[in-house]
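Taken together, the values in this text are just the output of simple stated rules run on the coordinates, not laboratory data. Predicted model only: the values in this text are computed from it and were never measured. Positions of Cβ are backbone-derived with ideal geometry, glycine not excepted, and every protein chain shown enters the neighbour counts.
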Amino acid sequence: MTITLAMTCACAALLPLAHAARPRLDKLATTGTLDVCIWPEYYGISFRNPKSGTVAGLDVEMARELASQLGVRLNLVDSSFARFIGDLENERCDVAMMAVGITAERSERLAFTTPYLRSDIHAVTMRNSSRIKRWEDIDRDGVRVGVTAGTYQEGLMSKRLRHADLVVVQAPASRESELEAGRIDVFMSDYPFTRKMIDNHDWVKIIDPPGAYFPVDYAYALRKGDPAWLARLDAFLARTRADGTLRSIATRYALDPIVIDPRQRLP
């Protein structure tokens, strides 16, 4: 009897460990719903049209493809770069599919899939700006440089700027509205967001860095401690890259120039 009890206890003790090894996949099987965090202001990635309310972009379509392959429903969860880490840790979503830049700070709290996009920093200013004509004009005394709160550009520019003033733009304000109102002189962004500015505003000027400034790999983010879910997401990315789905969707949103070739490495 003693042996039987010991074996029963040992087996019972293993049950939580078995469950903990794949919590997201078990949750998907139980609920039949994939909860995906997006930033609905991310043009070309996960942008909600303010008139129609529809959400479109590379990662929205990739999320639909993932849900289809998993055989579950898709639920898009509004988030932001200021909130998404907490949303993942508090299980508001299973994965953040919003072109999340991989940084050392974020990697301390999150796990990342294989990267699928890579973007450098770009500057956006007014076409008629008398102050910002070229990249070298950005870090000068009196220049106000805008970044969105929570983005990796915030941390980067706080370290890189030596003379200009950094302005952190908090929602519901936006970088473009602050620029148009004259409260900032230029704002820093990535390749996808510059497409929004070019497509929707005739008063903007995009300034590219003269060389590699700070190229960042983008991936999907998830809570740490779930290797089975990470492996499933990596397998999904490998399959959609191999069969051309990823690049085909990216091309529809003019993002194919930043799709990562698996053979590429950061400079």
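Being surrounded by 14 or more Cβ atoms within 10 Å (Cβ to Cβ), without any contact (Cβ under 8 Å) to a residue 40 or more places away in the chain, out of contact with any helix residue (DSSP H, G or I) (no Cβ under 8 Å at 6 or more places or on another chain) and closer than 30 Å to residue 135 by Cα, is that true of even one residue in the stretch 201-215? Checked against the condition, which is being surrounded by 14 or more Cβ atoms within 10 Å (Cβ to Cβ), without any contact (Cβ under 8 Å) to a residue 40 or more places away in the chain, out of contact with any helix residue (DSSP H, G or I) (no Cβ under 8 Å at 6 or more places or on another chain) and closer than 30 Å to residue 135 by Cα, the stretch 201-215 yields no hits at all. One residue stands out among those in the stretch 25-66 that are surrounded by fewer than 20 Cβ atoms within 10 Å (Cβ to Cβ) and hydrophobic (A, V, I, L, M, F, W, C): the one that is farthest from residue 249 (Cα to Cα), which is 29. Listed by first and then second residue, the pairs linking a residue in the stretch 142-162 that is outside any loop (DSSP other than H, G, I, E, B) to a residue that is among the polar types (S, T, N, Q) and surrounded by fewer than 20 Cβ atoms within 10 Å (Cβ to Cβ), with Cβ atoms under 9 Å apart and 6 or more places separating them unless they lie on different chains, are 147/158; 148/80; 148/170; 148/174; 152/103; 155/103; 156/103.
Across the stretch 217-231, not a single residue is classified as out of contact with any Leu (no Cβ under 9 Å at 6 or more places or on another chain), among the aliphatic types (A, V, I, L, M) and more than 24 Å from residue 89 (Cα to Cα). Yes or no: residue 98 in contact with a strand residue (DSSP E or B) (Cβ under 8 Å, 6 or more places away or on another chain), within 20 Å of residue 237 (Cα to Cα), outside any loop (DSSP other than H, G, I, E, B) and in contact (Cβ under 8 Å) with a residue 12 or more places away in the chain? Spelling it out, residue 98 is indeed in contact with a strand residue (DSSP E or B) (Cβ under 8 Å, 6 or more places away or on another chain), within 20 Å of residue 237 (Cα to Cα), outside any loop (DSSP other than H, G, I, E, B) and in contact (Cβ under 8 Å) with a residue 12 or more places away in the chain. The lone criterion from (1) closer than 20 Å to residue 151 by Cβ; (2) part of a helix (DSSP H, G or I); (3) free of Cβ contacts under 8 Å to residues at least 12 places away in the same chain left unmet by residue 231 is number (1). One residue stands out among those in the stretch 213-228 that are assigned to a strand (DSSP E or B) and not hydrophobic (A, V, I, L, M, F, W, C): the one that is farthest from residue 189 (Cα to Cα), which is 223.
Residues in the stretch 69-82 include at least one that is without any contact (Cβ under 8 Å) to a residue 60 or more places away in the chain and of a type in the set (Lys, Arg).
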